[in-house]
There are 2 protein chains.
Amino acid sequence: MSNTAQQNDLANAIRSLAMDAVEKAQSGHPGLPMGCADIATVLFTKIMKFDPQDHKWADRDRFVLSAGHGSMLLYASLYLLGYKDMTIEQIKEFRQVNSKTAGHPEYHFAQGIETTTGPLGQGVGNAVGMAIAEAKLAAEFGSDLVDHYTYALAGDGCLMEGISQESIGLAGHLKLNKLIVIWDNNGITIDGKVSNADSTDQLKRFEASGWATISVDGHDQDAIEKALIEAKQNDQPTLIAAKTTIGYGAPKKSGTAGVHGSPLGADELKAAKQALGIEYPEFEVPQDVISAWRSAGARGSQVRAEWLERLEASDKRAEFERRMAGELAPGFAEALDGFKKQLAEEQPKLATRKSSQNALEVINGALTETLGGSADLTGSNNTNTSQTKPFTADDRSGRYMHYGIREHGMAAAMNGIALHGGLIPYGGSFLCFTDYARPSIRLSALMGIRVIYVMTHDSIGLGEDGPTHQPVEHLSALRAIPNLLVLRPADATEALECWQIALESEARPSVLALSRQGLPSVRPDYAMENKSRRGAYTVAGSPEADVVIFASGSEVTIALEGMKMLEEQKGISARVVSVPSMELFEEQPDGYKDEIFGGAKARVAIEAGVGMSWARFLGDKGKFVGMTGFGASGKIEDLYSFFGITAEAIVEAVVSQM
Amino acid sequence: MSNTAQQNDLANAIRSLAMDAVEKAQSGHPGLPMGCADIATVLFTKIMKFDPQDHKWADRDRFVLSAGHGSMLLYASLYLLGYKDMTIEQIKEFRQVNSKTAGHPEYHFAQGIETTTGPLGQGVGNAVGMAIAEAKLAAEFGSDLVDHYTYALAGDGCLMEGISQESIGLAGHLKLNKLIVIWDNNGITIDGKVSNADSTDQLKRFEASGWATISVDGHDQDAIEKALIEAKQNDQPTLIAAKTTIGYGAPKKSGTAGVHGSPLGADELKAAKQALGIEYPEFEVPQDVISAWRSAGARGSQVRAEWLERLEASDKRAEFERRMAGELAPGFAEALDGFKKQLAEEQPKLATRKSSQNALEVINGALTETLGGSADLTGSNNTNTSQTKPFTADDRSGRYMHYGIREHGMAAAMNGIALHGGLIPYGGSFLCFTDYARPSIRLSALMGIRVIYVMTHDSIGLGEDGPTHQPVEHLSALRAIPNLLVLRPADATEALECWQIALESEARPSVLALSRQGLPSVRPDYAMENKSRRGAYTVAGSPEADVVIFASGSEVTIALEGMKMLEEQKGISARVVSVPSMELFEEQPDGYKDEIFGGAKARVAIEAGVGMSWARFLGDKGKFVGMTGFGASGKIEDLYSFFGITAEAIVEAVVSQM
């Protein structure tokens, strides 16, 4: 190691703040910030392009701390660089309620936090998405406006998680040359040595997926700088394996699992500072060190000024600014409304996955910002349209991602694309396989970002593929995730409405649950109002009806049959309420909710899934018609009668309550 | 390709049956069975050790069709080999309700189906678990009784899914030399060519994780045989990359995505049979071909007879038979009961994760069959005990798996261990990260196997790590999965009871949700009865109380405080019901349920998670005290008051109803 005194001072400022903050909180992870301080110093003071004066500058380089538990590395760096809201008071409030310095970096909490990380491997996937977005936008707007790198810092945990393989496979295939992942190769995990659980040759593994690799001493700042400069020149994504010592500087605990996730303790902290030559009091970085950091932080301001000049001179400025602001194109609502009128006239009988595709055809025509894709189920998810030429290693102008059989990697990449800005990602799979992507879907919701999951084959209506492919618990399980819109349209008109809701929901992700099987129209008349936006609304029957039948998606049709049967066979009046989104319904005013429940003497809910999320609609005596266990392999029509999800079952459920 | 006519006939019998069955069902995947027929022929007629007369023979080789959509490959092989319940009628009923020949292979449906597959990559993980079980049991019982191989057939989809990386990383590290994965390298996925989405050098990737690799022409039976014989000699796990043509034999569709998942159609089917020289009518394999298959199938009977002799002579026979039958050791219940008495005396105040460890110490002492582990959170999950020396590449006698940071791979491996028999796997992570393992947890439930998930840090009580690590929706989302026991004990006694329930549940998996934070005892008196087995029971208060408060886990203590506060401050009598398992409660007789609900005028449920699964307990007017969104980073005590999960909130919720 050959750092200069100045280089050491810069890195030690991170170490010192990290040690102090974790010690004060008596909670946190000092090991990574101490081990990666040299890497962060080089990245932030020498390599990366950004400007603390405008943390939203569109052409900044992105930094993703995939190993999110090392959050103090990021917080300390942001403070030292001069990001306005990262004050020393915030550092002192590390891991306290309402601070900006949460245990793991939380998107929105502070400037310079590009994504929420902590669940391991996610950041690698986000970084892949960011690099995709950069390449795509550069192709659209030119390198004058879009020309930046994405850096991710990943630990052994990130690389052991399966999602990392999906992400690096995708990135290598797409030759995302402006993506650089730095591996904090410290050889330590929570349980002890990495070698207790893994023997993977990571360089070889990345090379197998088409990455360039560089090995470097993670405590030699000049070597790190050289490696990063080299990586920027590669025409593939690059892995930099940086050999580090976890908890670098702590005389007894460095290089051990003991420094990973616990405060050092007063004695070891003191000894570490002594060993590192840190002589200043806690939380008090000397002015000359801060000044050096701040002046490094300010070096991007001239670059940004030049970029702003180019933007102002560009004929693409208005479109670029609209896109980066996340505003939908003018004319979008009108285009959808025109198609809605057409649907009211045509009353098509289609699977909602097909209705979704028809809506997408209009949407992709009206919006330039959608970036479609599927996890290898394009022909089933119907996520492609006439506009969606593939985005490939050779052609960055495409609007469609062949994500491969990588639902998790797809979802994490879509998070990164949405976080980058300028694009609205949507991607498809079977609803059942939301399970594979669930950690990333949760993060879409936690971050409150516009990612659209197009999940088809949404029930036993999937048919012969059987229980492994038939979602049963998934609608309830997704509805349980806070801040996630679960949209299950009943016909072509609702499918269009649900797409509109998803696209207009800037601050939350959506799951569109779509049928494989054909469904008749349940909306005979055109209505300008987006009725699905209410979450639940009456599709048929009188407000005074004796019975209310709640249903969603493909079961609305069965509910309508049940209504008719009740009338004809039992002389009982019923009303059918379509519930495309429970979340939106819960947000309605009480008056509207009361209206929907009405004064019905009996309530039934029907959905080809488990009943958990419907209990709230049923109250003490309502009945649920749906699944109580896993599905089965068979023809669609056989399955619905086999599991008793029928109009007859609705009648029976009603009669039992009367 | 140099197969003899006989070799071709054997393989073509598979192809013919697969084409016919898919065509008759007008649904299914002919591509893989046609492409892998040569591989299956070699495996089943030359290499593998099994006996169709006893599909449960403990020392049989295991075959896992990880690419489960190719189910007809397995069904056809089982029929040809002479497995009793796989009749030609079943083949004709492919993909129909109530047949044994579901769209994807379903465990329990027919003899010779070793695991349920279809969700891609899972089978690779299961196979790793089976190979772990074999190695572990061989160390315990000797190679006289346990000496078999595990074979998995995986497609490109299996290898693209992230779970495969976790599985191969684990297998390579553990040097599971009796695991052989055959990669159906056909270059085709649903969306078209693999090269649309992936450029990974799979051999290099596997080698990077310590695997041996062999490349072979997947249509040359002699070469396949040679490769398999070679693989069996390796001291590492082996990947055999078999270059195949998907839909081999179909003149127009072979080698294309068109043959992956759709019937060939009458013309192409006819042409394919002509090209392959198949001259017999549909579903009618000639007697000489069947005889050749059957005699190959019978070659294991002598081997099994010799094995039975060794078993009969073995002094380990009784223990081996008990273990393979999945019966718990005699004395188990007594050991637990003794510890339960001790807990009643000591009334310890402990986190339930610690209480779980204490229970495990007794359990691991009483049972030799438990195989513990953690996804790199041993010290947090407390899944280790004095008995759990690690299972490693060098020491197969260990009882503890360092699964690494691989929740998904762990869960899939545990499924494989349970399916193998002879061991009861349990493994730990944070409850939040059940999301990472969810596809495998679902399969544990669908298969109905005894896998125990030890999931700690089960609420915002996790504290400072914040919302990315705090489960909020997970309890509801797990309870939504059919046939899964979600057990959330409130104190040390319930923790013991829940462990007993999990271990005694032979036909379903369990999730133990355990607290990070310390909890006082809520069970002052010893009771021989396992009260948790009722799912819900009254822990305090009179049956006539005006109010019933439902709670689980760490919130039972808060419920008890609320009860006291209601009495003291409002003069309202309340009863507290602990609900360690909603699933078990639903299975109780109506009379018991009525008793638990009682005639209370007000109902409250409290849980530090979202309320979805509690709606059924609350009816029309009950109130829920819990989370409505994501958690936050902060001290435990701050978080509970920040989110209003307090005794005061219970009082308020009650008063609002009175």
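Can you pull out the residues in region A:73-85 that are of a type in the set (F, W, Y) and more than 14 Å from chain B (Cβ to nearest Cβ)?
Of region A:73-85, the ones of a type in the set (F, W, Y) are A:75, A:79, A:83.
Hits for region A:73-85 are A:Y79, A:Y83.
Which condition breaks for A:A271 when tested against (1) loosely packed, with under 15 Cβ neighbours inside 10 Å; (2) touching a residue at least 12 places away in the same chain (Cβ under 8 Å)?
Unmet for A:A271, out of (1) loosely packed, with under 15 Cβ neighbours inside 10 Å; (2) touching a residue at least 12 places away in the same chain (Cβ under 8 Å): (1).
Looking at (1) touching a residue at least 12 places away in the same chain (Cβ under 8 Å); (2) among the hydrophobic types (A, V, I, L, M, F, W, C); (3) closer than 21 Å to B:G461 by Cα, can you tell me which one B:M565 breaks?
(3)
Tell me the helices (runs of 4 or more DSSP H) entirely within region A:286-329 that contain at least 3 residues that are within 30 Å of A:N8 (Cβ to Cβ) and out of contact with any Gly (no Cβ under 9 Å at 6 or more places or on another chain).
A:287-297, A:300-313
Looking at region B:627-644 only, could you name the residues that are touching a residue at least 60 places away in the same chain (Cβ under 8 Å) and either touching a strand residue (DSSP E or B) at 6+ places or on another chain (Cβ under 6 Å) or not aliphatic (A, V, I, L, M) (or both)? Please lay out each step first, then the result.
First, the residues of region B:627-644 that are touching a residue at least 60 places away in the same chain (Cβ under 8 Å): B:627, B:629-636, B:639-640, B:643.
Passing the criteria: B:G629, B:F630, B:G631, B:S633, B:G634, B:K635, B:Y640, B:F643.
Pick out the one residue from B:L336, B:L377 that is farther than 30 Å from A:G155 by Cα and buried (at least 16 other Cβ atoms within 10 Å of the Cβ). Even if it seems obvious, please write down each step before you answer.
Numbers: B:L377 fails: farther than 30 Å from A:G155 by Cα.
Sole residue among the options that is farther than 30 Å from A:G155 by Cα and buried (at least 16 other Cβ atoms within 10 Å of the Cβ): B:L336.
Take region A:605-654 and flag every residue that is in a helix (DSSP H, G or I), more than 7 Å from chain B (Cβ to nearest Cβ) and either surrounded by fewer than 21 Cβ atoms within 10 Å (Cβ to Cβ) or of a type in the set (G, A, S) (or both).
A:L618, A:I636, A:E637, A:S641, A:A647, A:E648, A:A649, A:E652, A:A653, listed by residue number.
Within region A:288-301, identify whether any single residue is among the hydroxyl-bearing types (S, T, Y) and free of Cβ contacts under 8 Å to residues at least 60 places away in the same chain, and answer yes or no.
Yes, there is a match, as at least one residue in region A:288-301 is among the hydroxyl-bearing types (S, T, Y) and free of Cβ contacts under 8 Å to residues at least 60 places away in the same chain.
Looking only at residues in region B:450-487 that are of a type in the set (V, I, T) and farther than 11 Å from B:L512 by Cβ, which one is nearest to the chain's Cα centre (by Cα)?
That would be B:V451.
Here's the yes/no breakdown for (1) more than 16 Å from B:M612 (Cβ to Cβ); (2) crowded, with 24+ Cβ neighbours inside 10 Å; (3) at pLDDT below 95:
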| position | (1), (2), (3) |
| --- | --- |
| B:A445 | yes, no, no |
| B:G448 | yes, no, no |
| B:M455 | yes, yes, no |
| B:I460 | yes, yes, no |
| B:A480 | no, yes, no |
| B:A490 | yes, yes, no |
| B:E494 | yes, yes, no |
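Can you find, within region A:450-497, the residue that is farthest from the other protein chains (Cβ to nearest Cβ) among those that are among the charged types (D, E, K, R) and closer than 23 Å to A:S440 by Cβ?
In this case the residue turns out to be A:R450.
In the set A:Q26, A:Q90, A:Q96, which member is over 20 Å from A:K226 (Cα atoms), in contact with a Gly (Cβ under 9 Å, 6 or more places away or on another chain) and not hydroxyl-bearing (S, T, Y)?
A:Q96
I need the full set of residues from region B:385-425 which are within 27 Å of B:K354 (Cβ to Cβ) and under 11 Å from the mean Cα position of the chain (by Cα), in order please.
Those that are within 27 Å of B:K354 (Cβ to Cβ) and under 11 Å from the mean Cα position of the chain (by Cα): B:H408, B:G409, B:M410, B:A411, B:A413, B:M414, B:I417, B:A418, B:P425.
Does A:M34 satisfy being within 24 Å of the chain's Cα centre (by Cα) and in a helix (DSSP H, G or I)?
The answer is no for A:M34.
Pairs under 8 Å by beta carbon, first residue in contact (Cβ under 8 Å) with a residue 60 or more places away in the chain and farther than 23 Å from A:M414 by Cβ in region A:91-115, partner basic (K, R) and not in a loop (DSSP other than H, G, I, E, B), six or more apart or different chains?
A:K92/A:K24; A:F94/A:K24
Could you please give the count of residues in region A:503-522 that are out of contact with any strand residue (DSSP E or B) (no Cβ under 6 Å at 6 or more places or on another chain) and outside any loop (DSSP other than H, G, I, E, B)?
Adding up the residues that qualify gives 3.
Given the options B:A242, B:A257, name the one that is in contact (Cβ under 8 Å) with a residue 40 or more places away in the chain, in contact with a strand residue (DSSP E or B) (Cβ under 6 Å, 6 or more places away or on another chain) and either under 25 Å from A:S380 (Cα atoms) or charged (D, E, K, R) (or both).
Working: B:A242 fails: either under 25 Å from A:S380 (Cα atoms) or charged (D, E, K, R) (or both).
Just a single option satisfies the conditions, and that option is B:A257.
Among the residues of region A:62-69, is any within 25 Å of the chain's Cα centre (by Cα), crowded, with 24+ Cβ neighbours inside 10 Å, among the polar types (S, T, N, Q) and within 13 Å of chain B (Cβ to nearest Cβ)?
Taking every residue of region A:62-69 in turn, at least one turns out to be within 25 Å of the chain's Cα centre (by Cα), crowded, with 24+ Cβ neighbours inside 10 Å, among the polar types (S, T, N, Q) and within 13 Å of chain B (Cβ to nearest Cβ).
Among the numbered criteria (1) away from chain B (no Cβ under 14 Å); (2) closer than 24 Å to A:S66 by Cα, which single criterion is violated by A:T370?
Unmet for A:T370, out of (1) away from chain B (no Cβ under 14 Å); (2) closer than 24 Å to A:S66 by Cα: (2).
If you take the residues in region A:86-116 that are among the charged types (D, E, K, R) and more than 9 Å from every other protein chain (Cβ to nearest Cβ), which one is surrounded by the most Cβ atoms within 10 Å (Cβ to Cβ)? Even if it seems obvious, please write down each step before you answer.
Within region A:86-116, the first condition is being among the charged types (D, E, K, R), and the residues that meet it are A:89, A:92-93, A:95, A:100, A:106, A:114.
With more than 9 Å from every other protein chain (Cβ to nearest Cβ) added as a condition, the list becomes A:89, A:92-93, A:100, A:114.
Details: A:E89: 11, A:K92: 17, A:E93: 19, A:K100: 21, A:E114: 26.
For region A:86-116, the residue satisfying everything is A:E114.
The values are calculated or read from the model by the stated rules, or taken from the named source; none is laboratory data. Given the structure is predicted, the values throughout are model-derived calculations rather than measurements. Methodologically, a virtual Cβ is constructed for each residue, glycine included, from the backbone with ideal geometry; neighbour enumeration extends over all protein chains shown.
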